[in-house]
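Here the structure comes first, spelled out in C-alpha coordinates, and everything after it is commentary.
The values are calculated or read from the model by the stated rules, or taken from the named source; none is laboratory data. Fair warning: this is a prediction, and the values are worked out from it, not measured in the lab. We place every Cβ from the backbone using ideal geometry, glycine too, and count neighbours over all the protein chains shown. Protein only, heavy atoms only, side chains kept; ligands, DNA and RNA dropped before computing areas. Shrake-Rupley method; radii C 1.70, N 1.55, O 1.52, S 1.80 Å.
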Amino acid sequence: MKTKKILLSLGLALAMAVSVCAAKDNIWQYNQNIAINMSSAKVTTENGMTVLTFETTETFGESTDQCTYVYNVDDQTIQLKELVSKVGKKKFKQNFYPQSIANGNDVIKGRAHMAELVLQRVRH
(Lines give C-alpha, C1' and ligand atoms only; values in the text may rest on other atoms or scores of the structure.)
Protein backbone atom coordinates (compact mmCIF):
# COMPACT_ATOMS: atom_id res chain seq x y z
CA MET A 1 0.00 0.00 0.00
CA LYS A 2 2.80 2.41 0.91
CA THR A 3 4.68 1.64 -2.34
CA LYS A 4 1.52 2.26 -4.34
CA LYS A 5 1.10 5.72 -2.76
CA ILE A 6 4.74 6.58 -3.43
CA LEU A 7 4.45 5.53 -7.08
CA LEU A 8 1.21 7.49 -7.45
CA SER A 9 2.86 10.59 -5.95
CA LEU A 10 5.88 10.23 -8.24
CA GLY A 11 3.61 9.81 -11.24
CA LEU A 12 1.64 12.95 -10.39
CA ALA A 13 4.85 14.93 -9.82
CA LEU A 14 6.19 13.79 -13.20
CA ALA A 15 2.93 14.70 -14.95
CA MET A 16 2.97 18.17 -13.39
CA ALA A 17 6.62 18.69 -14.36
CA VAL A 18 5.90 17.70 -17.97
CA SER A 19 2.91 20.07 -18.21
CA VAL A 20 4.95 22.95 -16.75
CA CYS A 21 7.75 22.31 -19.25
CA ALA A 22 5.26 22.12 -22.12
CA ALA A 23 3.69 25.43 -21.08
CA LYS A 24 7.12 27.02 -20.74
CA ASP A 25 8.07 25.88 -24.25
CA ASN A 26 5.15 27.90 -25.64
CA ILE A 27 6.61 31.13 -24.25
CA TRP A 28 9.27 32.77 -26.38
CA GLN A 29 11.34 35.36 -24.54
CA TYR A 30 11.70 37.84 -27.41
CA ASN A 31 13.85 40.20 -25.34
CA GLN A 32 14.36 41.08 -21.68
CA ASN A 33 11.00 42.91 -21.55
CA ILE A 34 8.76 40.98 -23.96
CA ALA A 35 7.56 37.39 -23.70
CA ILE A 36 5.43 36.04 -26.55
CA ASN A 37 2.81 33.36 -25.96
CA MET A 38 3.43 31.21 -29.04
CA SER A 39 0.37 29.07 -28.36
CA SER A 40 -1.74 32.21 -28.95
CA ALA A 41 -0.16 32.81 -32.39
CA LYS A 42 -2.68 32.05 -35.13
CA VAL A 43 -2.53 32.67 -38.86
CA THR A 44 -5.87 33.12 -40.59
CA THR A 45 -7.16 34.40 -43.92
CA GLU A 46 -9.59 37.31 -43.69
CA ASN A 47 -11.01 38.86 -46.87
CA GLY A 48 -8.26 37.12 -48.85
CA MET A 49 -5.49 38.54 -46.65
CA THR A 50 -3.10 36.68 -44.37
CA VAL A 51 -3.48 37.83 -40.76
CA LEU A 52 -1.41 36.85 -37.73
CA THR A 53 -2.67 37.39 -34.18
CA PHE A 54 -0.59 36.80 -31.07
CA GLU A 55 -0.32 37.83 -27.43
CA THR A 56 2.58 39.19 -25.41
CA THR A 57 3.40 40.05 -21.84
CA GLU A 58 5.56 43.15 -21.66
CA THR A 59 7.18 44.38 -18.47
CA PHE A 60 8.73 47.80 -18.00
CA GLY A 61 9.64 48.76 -14.45
CA GLU A 62 6.52 48.39 -12.31
CA SER A 63 4.20 48.17 -15.33
CA THR A 64 3.01 44.90 -16.87
CA ASP A 65 1.17 45.00 -20.19
CA GLN A 66 -0.88 42.18 -21.70
CA CYS A 67 -1.01 42.88 -25.44
CA THR A 68 -2.88 41.39 -28.37
CA TYR A 69 -1.34 42.18 -31.76
CA VAL A 70 -2.87 41.81 -35.22
CA TYR A 71 -0.41 41.76 -38.13
CA ASN A 72 -1.90 41.96 -41.63
CA VAL A 73 0.83 40.50 -43.82
CA ASP A 74 -0.68 41.55 -47.15
CA ASP A 75 -1.81 45.03 -46.08
CA GLN A 76 1.48 45.59 -44.22
CA THR A 77 -0.24 46.93 -41.10
CA ILE A 78 0.16 46.13 -37.44
CA GLN A 79 -2.40 46.80 -34.75
CA LEU A 80 -2.14 46.72 -31.00
CA LYS A 81 -5.72 45.49 -30.79
CA GLU A 82 -5.83 45.36 -27.02
CA LEU A 83 -3.49 46.64 -24.34
CA VAL A 84 -4.21 45.92 -20.69
CA SER A 85 -1.71 47.72 -18.46
CA LYS A 86 -1.33 47.02 -14.78
CA VAL A 87 0.64 49.46 -12.67
CA GLY A 88 0.48 48.60 -9.00
CA LYS A 89 -3.21 48.06 -8.24
CA LYS A 90 -4.41 50.17 -11.17
CA LYS A 91 -5.49 48.58 -14.44
CA PHE A 92 -5.98 50.34 -17.79
CA LYS A 93 -7.36 49.01 -21.07
CA GLN A 94 -6.73 50.61 -24.47
CA ASN A 95 -7.39 49.79 -28.13
CA PHE A 96 -5.52 51.12 -31.15
CA TYR A 97 -6.18 51.29 -34.89
CA PRO A 98 -4.03 49.44 -37.45
CA GLN A 99 -0.91 51.38 -38.42
CA SER A 100 0.94 51.29 -41.73
CA ILE A 101 4.36 49.72 -41.33
CA ALA A 102 5.82 51.74 -44.23
CA ASN A 103 4.67 55.06 -42.74
CA GLY A 104 5.07 54.06 -39.09
CA ASN A 105 7.57 55.29 -36.54
CA ASP A 106 10.37 53.16 -35.08
CA VAL A 107 8.03 51.57 -32.51
CA ILE A 108 5.60 50.47 -35.24
CA LYS A 109 8.46 49.11 -37.35
CA GLY A 110 9.91 47.28 -34.34
CA ARG A 111 6.55 45.65 -33.55
CA ALA A 112 6.16 44.68 -37.20
CA HIS A 113 9.61 43.08 -37.13
CA MET A 114 8.61 41.14 -34.00
CA ALA A 115 5.39 40.03 -35.73
CA GLU A 116 7.35 38.87 -38.79
CA LEU A 117 9.60 36.74 -36.56
CA VAL A 118 6.54 35.24 -34.84
CA LEU A 119 5.07 34.47 -38.28
CA GLN A 120 8.27 32.71 -39.32
CA ARG A 121 8.19 30.57 -36.15
CA VAL A 122 4.53 29.68 -36.69
CA ARG A 123 5.10 28.65 -40.31
CA HIS A 124 8.10 26.43 -39.53
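Which length gain, in nm to one decimal place, applies between LYS81 and MET49 when the Cα-Cα distance is subtracted from 0.36 nm times their residue separation? Working shown, then result.
Values: separation 32, 0.36 × 32 = 11.52 nm, distance 1.73 nm.
Gain in length upon complete extension: 9.8 nm.
Averaged over its residues, the range 68-111 has an accessible area of 71 Å² per residue, based on protein heavy atoms and a 1.4 Å probe.
For the pair GLN66 and HIS113, label points projected 7 Å from Cα toward Cβ lie 2.9 nm apart.
Computed over protein heavy atoms with a 1.4 Å probe, the carbon and sulfur contribution to the accessible area of the range 32-124 reaches 48%. Model label sites at ALA35 and ASN103, defined 7 Å from Cα along the beta-carbon direction, differ in position by 3.7 nm.
Pairs of Cα atoms under 8 Å, at least six residues apart: use those to get the relative contact order of the range 39-124, whole percent. Over the range 39-124, the number comes to 21 percent.
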